[in-house]
1. Cα-Cα over 23 Å: which of Lys44/Lys175; Lys84/Lys110; Lys44/Lys81; Lys110/Lys175; Lys80/Lys110?
2. Can you give the extra length, in nm with one decimal, that the chain gains between Leu165 and Thr109 once fully stretched, where that is 0.36 nm per residue apart less the Cα-Cα distance?
Amino acid sequence: MTSKTFLAFILCILIQKIASLERRITFFVEPSKEICFFETLQGKNTIQVDFRVLDGGHGDLDISFNLVDPHGRVVVADFKKAEKNHKIDTEADGDYRFCFDNTFSAFNTKLVYFDLASDSEGENPWDFEPDINMLQESGVDVQQIENLHEQMDQIRLSLNGARGLQDTIKLVEAKDRNIAEELFFKVNTYSMVILVVMILVSLVQIIMVKSIFDEKSVIHRLLWFIDATNKK
């Protein structure tokens, strides 16, 4: 009986810790388009919204973001932001709309990372309140259970912090790589344009010099006419 009660308590704690909502997605937003995601929330919730533009498609790293509640009210509105983090308390039940707007861009496709986390403050079906008297009758040390609960809480917080740090490092690395590739593209394009201009200027100079010494060329006749006019 003691082992079963202890294991049941541990199992309920573990299930309770994973009962929160979390969504992560990376997606493209085409130029002059808007993409919306919907999430159904019940009761009081604290949601955390985080988004970052990883690639601007040879343009600026920016996107417009709107969060609309089930009643159609705009809760959050960001215009042309590279990244943003919001923590919002919600009370209305229903579908919340998260929209990413790229209609202001006519040519550039944006690569966006979106992270949504929610912790419900309402009634949790996995809540477990142990019967102290039953645990004591079963010979289970209540203080040991409480200590284990605190240790599991600390482990959960540490793992969440480590995962968040790893995600941040990966996002920064992806963003920096896209910026480096964009700069590489711009430098190569500029270099090619300069090279073409230099070749064209060189050809024009060669043609001009050659025409000066060619009596049948238009440029030679034009120069001869100008010189004759000045002598008169």
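Values quoted throughout were computed directly from the atomic coordinates according to the rules given, and no laboratory measurement underlies them. The shown structure was predicted, so the numbers you read here are calculated from the model rather than taken from an experiment.
1. Lys44/Lys175; Lys44/Lys81
2. Using 0.36 nm per residue and subtracting the Cα-Cα distance, I get 17.4 nm.
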